[in-house]
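What follows draws every value from the coordinates through simple rules; no lab data is involved. Because the structure is predicted, anything quoted here is derived from the model rather than measured. As a convention, Cβ positions derive from the backbone with ideal geometry for all residues, glycine included, and neighbour counts pool all protein chains shown.
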Amino acid sequence: MKRVAVSVQNDYLERMSKTRPINAVAELVWNSLDADADLVKVKLVENDMGGLEKLTVSDNGNGLEYALAEQAFGSLGGSLKRAEQKSRRKKRFLHGRQGKGRFSAFALGQTVEWNSKFKANGACSKFSVLGKRDSLGTFEIDDCESASSTKPGMSVVVSDFDRNFPSLLGDGAVQTLTEQFALYLAQYRDVVIEYDGKVLDPFSIVQHSADYPYTIARKDAPGDIHVVLTVVEWKVETERIMYFCDAEGLTLKQISPGRVHAPGFWFTAYLKSAYFRELEQNGTIDLDELNPDLGNVVEVARVRLRDHFRKRAAETAVNVVEEWKKAKVYPYEAEPRNILEQTERQVFDVVALNLNSYSPEFEKSDPDTKKLVLKLLKTVLGTNPPELQQILASVIDLPDDKQKDLAELLSKTTLQAVINAAKVVTSRLDFLKGIEHLIFDPEMKERLLERKQLHRILAAEPWIFGEHYHIAVDDESLTNLLKKHLELSKREVDVYEPVLREGGREGIVDLMLSKIVPLPRGDEREHLVIELKRPSQKIDAEVAQQIKSYAMAVVGDERFKNTKTRWVFWAISNDLTAEVREEASQRDRPEGILFQSKTGDVTVWVKTWAEVLQECEGRMNFYRRQLEYTASQASGLAHLRATYEKYLPDAAKASSTTGST
């Protein structure tokens, strides 16, 4: 036996091993296909509790030759496939050329064993390679010995799971893998991939597909980027994903397709281009926010996607309306006589088709019921939204006393105002659940950036710190904070000299929120200055000193005084160091206070996100009970994607589940 080690930093290997569980399985399958396997089987073994105990990926490919094992497992970025475009025997296009795929297996289990059988000089031999997560980058290669079987191949066994992965069990995993390998399986029809006894068969569940080629001129480099957008519509429900693929359709990365209005359609978008292989090879495929060329490629794809589904919706509409006409349930008989009637007919068709798409009960109902509903919809269309049937049913099903309450309420306000109020509450409950997931989920909190992501989201939601607050300063200097304070206090003072912290530094304030505090003696203003830290960074002595230095700058600068203003400073993160926790736990003051001026006008706090969110949820709890609405992690993430997609980590954009699911 011999031991080999990868000569790169361990934290780099750890980042590569932190991927979504289903993507880790996909990487192992890709390795099998790159080794000329025609048959790849993924087998799951569950324990008595229904959790995952072992996962095996086996194939009938070439196996790994013993003479190449040390090179294959002892280098990174120097993959044996890097200089090749196609596999050795079958001449199929290769997916992996970076030598990274083997490390993704450690996202699943702590122990990974590769068992290789290969042919050399007419004989078949075998050996094993063992790797463990706690010594990531070091592999033990067993001695080679003769094999009784004459068939080569590789099996990878992953075990010692420290978490359960329900996302790998069930039809959802089969569908996700089917989407990832759909283009490959379409190109190589002799390949069979089996997952937990089920063969991946994209052809049986494809509803429709279309290709849209386009070209983007590079901004910072010569030449053009040639792209083909392939849209695949599925017969089964699935998550909407956009894949970056190389020119041959081998998937390299997944992102969210963004907002695409396509009711009734489940789809996957594939962007095929040699450009993505180029980005993957130079390690910049994940830097989409910093690459204007890549941004243009994605934006054009999203525009083409929207155009595609507008056309598909129109095609579907024609077919459905024709069926209604044949069944004699369509409420219009003669052709429209003028442009007004034609417009009315088009609006009716759109609304009725939405009803048909969103209401399975309507689609399955008998002709008489359809005829009645469509006639009613035609009559009241001018004053009712597309969800007419649902709204009418909800009102009709109300008890008599609740119908009277609704009538009395509508005599005092408008239905739109009632809907808006309820929408604000449900959106805030969803936001709290979504931000809680970003901050506390082990994978998300490691990827969540302070200034580019968390800061930008919270700047738009100041109510989370208190309903009376409004945003006054966002990511500006202490000097600009003074100017805003003077402006709000209606004091005309010229600011010639900057506001400096101790040591002559100026400092940048993350957020300043302001509110008017009504008092018997007059209005007093309160400013809340917040210093945000990414969830993975504890509030330590350096952060505590930073927030106190902001307060000292206010205490020591004459221009902040004599304005009936209270100043409150918060430093927020997931946790505190023991030193800071001790400093913020004094007998003579409330828990969490680091500093308080003699007059009580300036107070410095350290807070955890658990405390902030718990206080906010407490304020929202009454409204949640009255609305009978409970936000879930899925609804929270959906709200964040719809509202703040560009500020989310890729893991939150791509899926409603994370690597820990």
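Key figures
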{"quantity": "FRET efficiency for SER204 and ARG619, using Cβ-Cβ distance with R0 set to 45 Å, rounded to 0.05", "calculated": "0.30"}
{"quantity": "Potential lengthening between GLU140 and GLU582 on full extension [0.36 nm per residue; Cα-Cα distance subtracted]", "calculated": "154.5 nm"}
{"quantity": "Distance violations [Cα-Cα > 25 Å] among LYS326/LYS375; LYS375/LYS423; LYS43/LYS132", "calculated": "LYS375/LYS423"}
{"quantity": "Euclidean distance of C-alpha centroids, region 198-267 and region 546-617, integer Å", "calculated": "50 Å"}
{"quantity": "Charge sum, other residues only, whose C-beta stays under 15 Å from ARG310's C-beta, Lys/Arg counted +1 and Asp/Glu -1", "calculated": "+2"}
{"quantity": "Least to most buried among ASP246, ASP540 (fewest other Cβ within 10 Å first)", "calculated": "ASP540, ASP246"}
{"quantity": "Full-stretch length increase - GLU611, LYS452 - with 0.36 nm per residue and alpha-carbon distance subtracted", "calculated": "54.9 nm"}
{"quantity": "Computed label-point distance, nm, for sites THR150 and GLN545 using a 7 Å Cα→Cβ extension", "calculated": "7.5 nm"}
